[in-house]
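Some notes on the structure that comes next.
The values are calculated or read from the model by the stated rules, or taken from the named source; none is laboratory data. These numbers come from a predicted model, not from an experiment. As a convention, Cβ positions derive from the backbone with ideal geometry for all residues, glycine included, and neighbour counts pool all protein chains shown.
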Amino acid sequence: MTLQQREIAAPGHDPHPRTLAELAEHIAADQASRYDTLPDRDLVAELIDRIVALLFPDGRGGRSAPRTAAHVQDEFDALHAAFVPVLRPLEDKLPDTPHALVDRFLEHLPAIHEALSHDVEAIEAGDPAAHGAAEIVLAYPGFAALAFHRIAHALHRLGVPILPRMISEISHGRTGIDIHPGATIGRSCCIDHGTGLVIGETAIIGNHVKLYQGVTLGALSVSKDKAGSKRHPTLEDGVVIYANATVLGGDTVIGRDSIIGGSVWLTHSVPPNSLVYHQSAVKVRTQADVLDGTDFSI
């Protein structure tokens, strides 16, 4: 039996290819019908890095002198030229021409820069370990995740398909922070540490909100018929949510200036200035407890 004739594991009733030869034909047809019309993931990553580095210079390229305004304008023009080919594979699915959409996206850059500048200030104010804006831009995953998100969100609002989600997943892979491009995030957001943070598509986050690692802003149901509805919570201004707390539901509103403690599970709204926390129990072991052999070490 040749390599092509070897059957791949599949139930007898499975309509999928059963031999490598059939699989090869299936993949080739599938690629021709779908995957040749998708942006190149590496080019997308390079483009987003380029946008962030343009807005917040990070020392790449060994630049020996500050850029003048004319140099920056030239980089904007070059960015436009580089962005259009990334959108070309999606041309049939776009609400406008690639050139027009890139023009409209670039008009969002001043607002994106302003929002991220406020994010940097919020992170620096909220983290005693932060030593200035440069460190935050260069080394903080919370800033990187917000930068990628604000770019992806602008493209999402322009009606660009697929690309915003690709950007969010590139960010997710780098930072461990998963923010859907549809989520709305206000000014001066501080993501502290951030690993494992999940923010769903219809979440709305107000201004001056602080989120720690492991927080989930999720939905109560994953039913497909809920697509298009408000499924994720709303956080009003000044909310702080500590590590590993889970807040679920599209009707759930966390009132302004509320604090949600670590490991809280919350599926209902709370009024402004609320304090919600998980009460843990502390037990001091006796000698009898030690002798019973219980051992929770890993």
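Rundown of residues vs (1) more than 30 Å from Val137 (Cβ to Cβ); (2) surrounded by 14 or more Cβ atoms within 10 Å (Cβ to Cβ); (3) modelled with pLDDT under 95; (4) not assigned by TED's automatic domain parsing to the domain that holds Ser117, yes/no style:
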residue	(1), (2), (3), (4)
Pro17	yes, yes, yes, yes
Asp30	yes, no, yes, yes
Glu46	no, no, no, no
Asp49	no, yes, no, no
Pro95	yes, no, no, no
Just checking, which of Leu38, Leu55, Leu3 is at pLDDT below 90 and within 30 Å of Ile112 (Cα to Cα)?
Leu38
Does the range 177-185 include one or more residues that are surrounded by fewer than 20 Cβ atoms within 10 Å (Cβ to Cβ), over 19 Å from Asn244 (Cβ atoms) and either in contact (Cβ under 8 Å) with a residue 24 or more places away in the chain or not assigned by TED's automatic domain parsing to the domain that holds Gly250 (or both)?
yes
Taking the range 263-291 as the region of interest, how many residues are modelled with pLDDT under 80 and closer than 15 Å to Pro233 by Cβ?
0
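Does His208 meet the test of being touching a strand residue (DSSP E or B) at 6+ places or on another chain (Cβ under 9 Å), in the same structural domain as Leu116 (by TED's automatic domain parsing) and either in contact (Cβ under 8 Å) with a residue 24 or more places away in the chain or not in a loop (DSSP other than H, G, I, E, B) (or both)?
Details: touching a strand residue (DSSP E or B) at 6+ places or on another chain (Cβ under 9 Å): yes; in the same structural domain as Leu116 (by TED's automatic domain parsing): no; either in contact (Cβ under 8 Å) with a residue 24 or more places away in the chain or not in a loop (DSSP other than H, G, I, E, B) (or both): yes.
So His208 does not fit the description; no.
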Contact list please: Cβ distance under 9 Å, first residue in the range 155-166 and small (Gly, Ala, Ser), second residue surrounded by fewer than 20 Cβ atoms within 10 Å (Cβ to Cβ) and in a loop (DSSP other than H, G, I, E, B), pairs at least six apart or on different chains.
Gly159/Leu94; Gly159/Pro95; Gly159/Asp96
Output the residues belonging to the range 211-243 that are surrounded by fewer than 22 Cβ atoms within 10 Å (Cβ to Cβ) and in a strand (DSSP E or B).
Thr216, Gly218, Val240
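Each row is one residue, and each column tells you yes or no for (1) of a type outside the set (D, E, K, R); (2) closer than 23 Å to Ala45 by Cβ; (3) outside the structural domain of Val44 (by TED's automatic domain parsing); (4) in a helix (DSSP H, G or I).
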{"site": "Leu79", "(1), (2), (3), (4)": "yes, yes, no, yes"}
{"site": "Val84", "(1), (2), (3), (4)": "yes, yes, no, yes"}
{"site": "Arg88", "(1), (2), (3), (4)": "no, yes, no, yes"}
{"site": "Ala100", "(1), (2), (3), (4)": "yes, no, no, yes"}
{"site": "Phe105", "(1), (2), (3), (4)": "yes, yes, no, yes"}
{"site": "Pro110", "(1), (2), (3), (4)": "yes, no, no, yes"}
{"site": "His113", "(1), (2), (3), (4)": "yes, yes, no, yes"}
{"site": "Leu116", "(1), (2), (3), (4)": "yes, yes, no, yes"}
{"site": "Ala125", "(1), (2), (3), (4)": "yes, no, no, yes"}
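If you go through the range 244-273 one residue at a time, how many are assigned to a strand (DSSP E or B) and of a type in the set (S, T, N, Q)? Show your work before the answer.
From the range 244-273, those assigned to a strand (DSSP E or B) are 246-248, 253-254, 259-260, 265-266, 270; that's our starting set.
Then keep just the ones that are of a type in the set (S, T, N, Q); that gives 246.
Of the residues in that region, 1 qualify.
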Tally, over the range 192-223, of residues that are over 10 Å from Ala243 (Cβ atoms), modelled with pLDDT of 95 or more and of a type in the set (S, T, N, Q):
3
